[in-house]
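Enquirer: This is the structure, below, for whatever I ask next.
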Ligand code: FES
Ligand SMILES: [Fe+2]
């Protein structure tokens, strides 16, 4: 059996990957105002705040003095002030003021600073690097088409009781749509045989569906009111992005980028950025599409929670897979490989699969 077809390893413990040397979305820009905001990333409590210039920073949510959460404090100018004794920290985590202490605080004092996490703000999202006090070698993913003329962009935040891997697989998994979302997206009785070309690189895996007729559900009718052939891509970008892209003809384009953030091992926060340019005006499509998307999401959230419960109840995953589960398997492989720091990379590859939906 070729290496790339190996199933997800069956272990006696949970299959969870924790990659700290990576960027994750922790909040929408609009969620961070003038007050400190608490977020958890990979089980680590963080506090976000904006300085007087609007620059966002992320620190460990634990005061260096007596460990009170800094989310209980307030922003004073460019600093975050602890609510207990008023120690003030700058955006880099250095302590700049200790009320009542006469000594000079202009220099950084060892042991009195708070771990700091590199932060970037772009495309209406706040990204944090998962390793404290490190200068990242990479920059966060720049979202395509956001802000481009003719596109409407909607952002939504939801949470699921599921591991990062299970959440990513669900977002890109085509075979479940005809069952779990019957009638909403696919599965109105007509099945189609479609081909998909799956390509994998060292940090991505993508399925391109060829000659796919427009699916028959309500959501699909809105995406492509005129019918016709749809170009459809599902792609995973290491380590946290699931992206679904539909194109119809030259004018209609629909792109959902789900930036998935591991809050805890079995809790994932999804920052979905939905950008579309359709034959119908955005203001008309949005109120129709939003409730359908939320219903699809509730169905996914429920099945993911049931899956997580079963995995935990039985003490770990025991999955079996076929070739049409190829994306989920490859997502797992890429995440696991990165976590283990494998020097040897698989060759890039390309494979064709056929499925009925
Ligand atoms: S606990 Fe924060 S200043 Fe004392
Ligand atoms: Fe789904």
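Enquirer: Tell me, 283, 349, 23 in order of fewest to most beta-carbon neighbours within 10 Å? Present the calculation step by step, with values, prior to reporting the outcome.
Expert: Working: 283 8, 349 13, 23 22.
Listed from fewest to most nearby Cβ atoms, that is 283, 349, 23.
Enquirer: At a Förster distance of 35 Å, what's the computed FRET efficiency of residue 120 paired with residue 350, Cβ-Cβ distance as r, to 0.05?
Expert: On the way: r = 33 Å, r/R0 = 0.93.
Calculated value: 0.60.
Enquirer: Would you calculate, for the chain, the mean residue ellipticity at 222 nm contributed by helices, counting each DSSP H stretch of 4 or more residues as -39,500 (n - 2.57) and dividing by all residues, to the nearest 500? Don't skip to the end; give the middle numbers.
Expert: Details: 5 runs with 66 residues, N = 357.
After summing the helix terms and dividing by the residues of the chain, the value is -6000 deg cm²/dmol.
Enquirer: For the ranges 163-170, 119-126, what's the packing order if you count other beta-carbon atoms within 10 Å of each residue, average per peptide, and put the highest first? Numbers along the way, then the final one.
Expert: Values: 163-170: 25.4, 119-126: 19.2.
Highest to lowest by the protection proxy: 163-170, 119-126.
Enquirer: Counting other beta carbons within 10 Å of each residue's own, what order do 340, 277 fall into, fewest first? Can you show the working numbers first?
Expert: Working: 340 9, 277 17.
Going from least to most buried by this count: 340, 277.
Enquirer: Please give the helix 326-340 orientation as an angle from the longest Cα principal axis of the chain, in degrees from 0 to 90, rounded to the nearest 10.
Expert: Taking Cα atoms only, the helix is inclined about 30 degrees.
Enquirer: Moving on. Using a Gaussian network for the chain with springs between C-alpha atoms less than 10 Å apart, which of these wobbles most: 275, 252, 321?
Expert: Among 275, 252, 321, the largest GNM mean-square fluctuation belongs to 321.
Enquirer: If you wrap a convex hull around the C-alpha atoms of the chain and split its volume per residue, what is the figure in Å³?
Expert: Working: hull volume 55.8 nm³, N = 357.
Spread over its residues, the Cα hull of the chain gives 156 Å³ apiece.
Enquirer: Label residue 72 and residue 34 with points 7 Å out from Cα along Cα→Cβ: what is the distance between them in nm?
Expert: Distance between label points: 2.3 nm.
Enquirer: If you don't mind, there's one more thing I want to ask. Placing one identical point scatterer on every Cα of region 145-214 and ignoring solvent, what is log10 I(q)/I(0) from the Debye formula at q = 0.22, 0.23, 0.27, 0.29 Å⁻¹?
Expert: Log-scaled intensity ratios, in q order: -1.21, -1.19, -1.15, -1.17.
Enquirer: Rounded to the nearest 0.05, what FRET efficiency do residue 339 and residue 102 have when you use their Cβ-Cβ distance and R0 = 35 Å? List each step's numbers first, then the result.
Expert: On the way: r = 48 Å, r/R0 = 1.38.
The pair residue 339/residue 102 has a calculated efficiency of 0.10.
Enquirer: Taking neighbour counts of Cβ atoms within 10 Å as a proxy for exposure, in what order, fewest first, do 24, 209 appear? Before the final figure, lay out each step's value.
Expert: On the way: 24 28, 209 19.
By the 10 Å Cβ count, ascending, the order reads 209, 24.
Only the coordinates and a few stated rules stand behind these numbers; no lab work does. This structure is a prediction, so every number in the text was calculated from the model and none was measured. Note that we place each Cβ from the backbone using ideal geometry, even for glycine, and neighbour counts take in every protein chain shown.
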